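Below is one structure; the comments refer to it alone.
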Amino acid sequence: MGHMQPIREYLDQLEETFIHHRRPEPENPLIHESPQQTQRRLIEEHDRRCGRTVGGPPTSDVIRRAMGDSSPELKARRSAVLEALRTNPEAAAEEVAAALGQPLLSIRKDIQALKMGGLI
């Protein structure tokens, strides 16, 4: 039994001097993003969570909101804008506003909403 103590001490000393290696943690790729890249990524994530899809077809909820489900007047105006742009895709917002007798700012907002909804 007398030999056990020196072996135990040796093992304890060995354990103290032993270098424990850990796997290196993977480097976070977001560290090297520029502020512009971070902003683009966050906007894309937000759009994806909200159902706005850039490359794929829009969801039915996005289409419903883009068409103006909040009021009948908005829905009618956006339908008219959509129809005007389908007949003449090259029409400027000013032309559509003049043709429909609506304020230019409203028509621009409608066009933006229809674009975000993937309808034009």
Selected residue (only one of Ala92, Ala99 is hydrophobic (A, V, I, L, M, F, W, C), more than 26 Å from Cys50 (Cβ to Cβ) and surrounded by 13 or more Cβ atoms within 10 Å (Cβ to Cβ)): Ala99
Contacts under 8 angstrom Cβ, first residue in the range 32-51 being at pLDDT below 85 and surrounded by 11 or more Cβ atoms within 10 Å (Cβ to Cβ), partner of a type outside the set (A, V, I, L, M) and not in a helix (DSSP H, G or I), 6 or more apart: Asp47/Thr53; Gly51/Pro58; Gly51/Thr59
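The values are calculated or read from the model by the stated rules, or taken from the named source; none is laboratory data. These numbers were taken from a predicted model, which means no experiment stands behind them. Heads up, the Cβs are rebuilt from the backbone with ideal geometry, glycines too, and the neighbour counts pull from every protein chain shown.
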